[in-house]
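Below: the structure, in structure tokens.
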Amino acid sequence: MSEEKIIIPQIVTVGELAGALGVPVSNVIGELMKNGVMATINEHIDFETAEIVSEYLGFKVEKEQEISGVSCEIPDSKNLVPRPPVVAVLGHVDHGKTSLLDKIRETNVVAKESGGITQHIGAYQVEYKMKKITFLDTPGHEAFEAMRAHGAQITDIAIIIVAADDGIKPQTTEAIKHAQNANTPMVVAINKIDKPDADVMRVKKQFAEVGLSPHEWGGSTEFVEVSAKSAQGIDKLLETIIAMSEILDLKADPQNCAQGVVIESKIETGKGPVATILMQNGTLFLGEWIQVGETYGRIKAMEDEKGKRVKSAGPAMPVRISGLKSVPQAADLLSVFQTEKEAADEAEKTKKYAHVKKMSNVKSLSLDSISEQVAQNKKDELCLVIKADVVGSLEAIKENLKKLSNKYVQVKFTSEAVGVITESDIQMASASDKIIIGFKVGNAPGVDTLAKSKKVKILRYDVIYELIDDIKKIVSDMLPTEKIEIPIGTLKVLAVFKVSGHKSVVGGKIEDGRAEKGVWARVKRAGEIIAEYPIASVQREKEEVDSLPAGTECGIGFEVKVDIIKDDVLEFFRTEEKKVTL
């Protein structure tokens, strides 16, 4: 192997790699095929794939240094200054999010002085008691999650809005989950408190059940009762946001290079592609070359939330910019570059990354379909065909896969051998679970076509732990659910009452736990199990109740004729299903 290292970029075409290595393109394509990658001369591959192919061809490669753009230094503590908090308002669609935002704008002093703030760019700032707050207008759940996935933690505080007359709904729960995933502090705004059927206490109990308890109950979540209709509680909500931002000690360096994230974007007549950018750090200036996701351009115009032209934008400030070549996506990151070429190159690189990422997702999609396919067969065996490059690899793979066998699922091998995947392997796999594992091997001619016709899935790997992890996932998906018995309480039978038809009622005293409607009762007589019956009702004197505690005398009703006598013991229980795990 050549000791000289060849520098290649993170993403490279097959032709570019061949040129860098100084070998025919056919050699590179051949090695890719051996590793299960079908690529033409103009196809892009990532550095990891290029590195493996280069090693097979006798070359060492090294990743090219990234374009750095305008140098973003580590923020100097001397330059750090307080910045406004960025607040997202999330919640169920009918619980008053828009009304609350409108009322905040109405009560904002700056808005009144300026004649009102428009809402057309997706984010805006208000000023309250000399403090600015940046609100995200419509940070939909998908965008919120996408921003987190992009590493852009742009939201400092999330307001979870819930209607006092309706309580937690699925979208409320979803909003809580997204805020928790992003590690974003939450404030719960209970809206519509002035409605006749408002029940603030019930709403707080619902939040406590999902782990968000109010401060007055010993929890750590701020709750503010508001009315978007009358403005009641709006001042307290804004004061809470300001107080939380001071605790969070939010700061940024306006002297650093500009960094931001796309809130929304569109094509606008007369302006072309426009994007709303929320600045995160540094200061963005009119006329700078920028790259945003897969596009780039020079800032021709920049407007604040009131539509006023500005020449710069600092941390936590939302601005709308024009000058990009095409429309970026929500959650795309903005970076500044010194020249058009650098910005264009970075945009092209991002586009290639996205393409390669889509290609890499093929295996995971295939894996999901395999798991579903095997699970539907409801088998207790996973039968695989294994092909590896050398005997050592084959034995190591088999040894690790055998360890995944358990009392529910056995991992077995229909066939295992060294060498390329052949049509014979496809035929063997088609007779079992239709799965072939290929480790550092390619295909014989005609294999892909036959595999497709036989609906055989071929999973290819170069790293053994990835292979083990994927098969572990398939085995996990095959594991059954178990019924777990949860004890509720016991009752000593004191009397048995007969009622009409097949209904029965027994009376007794609850010795421990509780009696509960809808659970099961196991009848024990002298320590032996006699029968099990579902409980239809629990009665205290003449009143039916859902449950009663220990020490209470009560009646237990059954919708069937029961074999129960005085001095029997009833054990109350319910069952739950739980997925078995490896």
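The values are calculated or read from the model by the stated rules, or taken from the named source; none is laboratory data. Note that the structure is a prediction, hence the values are computed from the model and not measured. Note that we place each Cβ from the backbone using ideal geometry, even for glycine, and neighbour counts take in every protein chain shown.
Key figures for this structure:
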read-out	value
Residues being touching a residue at least 60 places away in the same chain (Cβ under 8 Å) and of a type in the set (Lys, Arg) - total across segment 315-344	1
Residue list for segment 267-314, filter: in contact (Cβ under 8 Å) with a residue 60 or more places away in the chain and either on the phi > 0 side of the Ramachandran plot or in a strand (DSSP E or B) (or both)	Ile267, Thr276, Leu278, Gln280, Asn281, Gly282, Gln291, Glu303, Gly307
Residues that are part of a helix (DSSP H, G or I) and of a type in the set (Lys, Arg), drawn from segment 191-227	Arg202, Lys204, Lys205
Check on Ala231, crowded, with 21+ Cβ neighbours inside 10 Å and touching a residue at least 40 places away in the same chain (Cβ under 8 Å)	no
Complete set of residues in segment 315-354 that are part of a helix (DSSP H, G or I) and modelled with pLDDT of 85 or more	Glu340, Lys341, Glu342, Ala343, Ala344, Asp345, Glu346, Ala347, Glu348
Flag for Ser424 being more than 25 Å from Glu31 (Cβ to Cβ), over 32 Å from the mean Cα position of the chain (by Cα) and among the polar types (S, T, N, Q)	no
Residue match in segment 552-559 (condition: at pLDDT below 95 and in contact with an Asp or Glu (Cβ under 6 Å, 6 or more places away or on another chain))	no
Sole residue being more than 24 Å from Lys483 (Cα to Cα), in the same structural domain as Gly489 (by TED's automatic domain parsing) and either surrounded by fewer than 17 Cβ atoms within 10 Å (Cβ to Cβ) or not polar (S, T, N, Q) (or both), chosen from Glu516, Glu528, Glu543	Glu543
Residue selected from segment 449-468 under the condition out of contact with any Lys or Arg (no Cβ under 8 Å at 6 or more places or on another chain) and closer than 18 Å to Val53 by Cα, by the criterion surrounded by the most Cβ atoms within 10 Å (Cβ to Cβ)	Ile464
Every residue from segment 558-577 that is closer than 12 Å to Gly507 by Cα and within 46 Å of the chain's Cα centre (by Cα)	Phe558, Leu570
